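Report on one structure; see the data block that follows.
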Amino acid sequence: MKSKNVWVASLIAPVMIAMLLLVAGSPSVRATDHSSAAVATVKIDNFVFGPQTLTVPVGTTVTWTNSDDIPHTSVSTEGVFKSKVLDTDEKFSYTFTKAGTYPYYCTIHPKMTGKVVVE
Amino acid sequence: MPDKKQDLIDQSLQDLNNDGVDRRGFLKCMAWAGTGLVWTMSGGIPVSRAFAKDSKKDAAKGADFSFVQISDSHIGFNKPANPDVTATLQTAINKINAMPHTPDFIIHTGDLSQLSKPSEFDTLDQVLKGASAKDIYFVPGEHDMLSDNGEQYLQRYGKGTKGTGWSSFDHKGVHFVGLVNVANLKAGGMGSLGHEQLEWLEDDLKGQSASTPIVLFAHIPLWTIYPDWGWGTDDSEQALSYVKRFGSVTVLNGHIHQIMQKIEGKVSFHTAMSTAFPQPAPGTAPSAGPMKVPAEQLQQVLGITDVNYVVSGRSLAIVDSPLGASGASASGNGGDVWR
């Protein structure tokens, strides 16, 4: 049973990925894309947001993870989103539902800045 | 030993004098960790001498009063750089209690806690309760104002202060001002005092005569040490313009977890060691995160700062002592002279 399931999955997965790619590539269905689980991550490491500029499609949920030994925050400069204080390995997620450029910074170490570009 | 160390310092000062940095012949930058150094300020002319282990009693002798600065206790931090910051704070307090002279008071220059948690502040209070000096003055670090705009901090440590926790007091002829440069920080910027506090400071200093020694203390350095890591205060120059007319100004800061000194004209800048964990020298690591050192070396890079004031010469002598007892090594930790 097990091996058969794996075999079926391995056959279906590439097909599904191909279909997803087709859907993503078609602008006409983009607006209905909101419910699809687009995700992206920003890693906080050595007092730097990485990547410093993250470009994602509308509807993407971005998750920040603090990998430092020191707490950080991820706070929108324009008041759009605001994480709680993230201690080591803690995460914060925000779903971007509107296109635009979202600059943010760490309120504890304001030299740390980054932006999310939502297209 | 003391002679050897004196030679080292003389040489260092000479090097600094010849490097073109000292516009007025007074600008000197030194950082000694793991050893003690006395800076005496007299009429704007800094005099330094090595501070051997057995001369500690002399530092307070003839002084009219002394106080101790501690900084960056980070209670709640528990990572490998120092898994027990409560114990090292306790060691710092024991060191203060063992001084031949009881300091008149203690100044804590911020980052009392790691995450502004009530339990962290409780632990800090418990340890500080055992200090021989009963009066403790605080300014917040950025870690003390994390999630509640500093409400918890202000309730506990900011009684009688203004704004986000700034205040001033007089002690035996010296005017002390505690400033807050960790609140409402702007994206891309460094520490910030803000317009309201600057106005208050200008007004606060107006009533003081130019011969009154001034001590400014704040968490983030009030001089720019390393902008890339945010080690400075964006509007500190304006604050310093208000103290220009005074004959003796001492600026005490924390935040960078290491000793750095600069003497410029009549203003002497000084940063203190942390009681919790060391941080790397500017630009020597990918970031300003905690610096991990072998356990047996930890107490050499943590410490307290003892400040002695002599009324007659209106001078302040600043002595940094590592927590470890055998810290008077001439070679220091390899980062002896800054710049």
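The values are calculated or read from the model by the stated rules, or taken from the named source; none is laboratory data. The structure presented is a predicted model; accordingly, all values stated were derived computationally and were not measured. With ideal geometry, Cβ positions are generated from the backbone for all residues, glycine too; neighbour counts draw on all protein chains shown.
Of note:
- Positions within the range B:149-162 being in contact (Cβ under 8 Å) with a residue 24 or more places away in the chain, surrounded by fewer than 18 Cβ atoms within 10 Å (Cβ to Cβ) and closer than 20 Å to B:I220 by Cα, in sequence order: B:N149, B:K162
- Taking the conditions (1) over 21 Å from the mean Cα position of the chain (by Cα); (2) under 26 Å from B:S66 (Cβ atoms) in turn, B:A187 satisfies each one other than (2).
- Residue match in the range B:199-218 (condition: in contact (Cβ under 8 Å) with a residue 12 or more places away in the chain, within 14 Å of chain A (Cβ to nearest Cβ), of a type outside the set (S, T, Y) and within 20 Å of B:F138 (Cα to Cα)): no
- Selected residue (criterion: farthest from the chain's Cα centre (by Cα)) from residues of the range B:73-93 that are over 15 Å from B:K292 (Cα atoms) and within 12 Å of chain A (Cβ to nearest Cβ): B:G76
- Considering (1) under 17 Å from the mean Cα position of the chain (by Cα); (2) within 14 Å of chain A (Cβ to nearest Cβ), the lone condition that B:V180 does not fulfil carries the number (2).
- Out of A:A99, A:A24, A:A38, one residue alone is in contact with a helix residue (DSSP H, G or I) (Cβ under 9 Å, 6 or more places away or on another chain) and either at pLDDT 95 or above or surrounded by 15 or more Cβ atoms within 10 Å (Cβ to Cβ) (or both). It is A:A38.
- Neighbours by Cβ (under 7 Å, 6+ apart or cross-chain): first from the range A:61-79, facing another protein chain (nearest Cβ under 10 Å); second part of a loop (DSSP other than H, G, I, E, B) and among the aromatic types (F, W, Y): A:D68/A:F47
- Condition met for B:A92 (part of a helix (DSSP H, G or I), small (G, A, S) and surrounded by fewer than 15 Cβ atoms within 10 Å (Cβ to Cβ)): no
Conditions (1) within 14 Å of chain A (Cβ to nearest Cβ); (2) over 25 Å from B:H143 (Cα atoms), marked per residue:
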residue	(1), (2)
B:T250	no, no
B:I263	no, yes
B:K266	no, yes
B:F269	no, no
B:A272	no, no
B:G283	yes, no
B:G289	yes, no
B:L298	no, no
B:I304	no, no
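Conditions tested, residue by residue: (1) within 14 Å of another protein chain (Cβ to nearest Cβ); (2) of a type in the set (A, V, I, L, M); (3) in a loop (DSSP other than H, G, I, E, B).
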position: B:P103; (1), (2), (3): no, no, yes
position: B:I106; (1), (2), (3): no, yes, no
position: B:L115; (1), (2), (3): yes, yes, yes
position: B:H143; (1), (2), (3): yes, no, no
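- Test for B:F138: is it in contact with a helix residue (DSSP H, G or I) (Cβ under 7 Å, 6 or more places away or on another chain) and aromatic (F, W, Y): yes
- Scanning the range B:271-305 for residues that are surrounded by fewer than 20 Cβ atoms within 10 Å (Cβ to Cβ) and without any contact (Cβ under 8 Å) to a residue 60 or more places away in the chain returns B:P280, B:P282, B:G283, B:T284, B:A285, B:P286, B:S287, B:G289, B:P294, B:A295, B:E296, B:Q297.
- Every listed requirement among (1) away from chain A (no Cβ under 14 Å); (2) touching a residue at least 12 places away in the same chain (Cβ under 8 Å) is met by B:E237 save one, (2).
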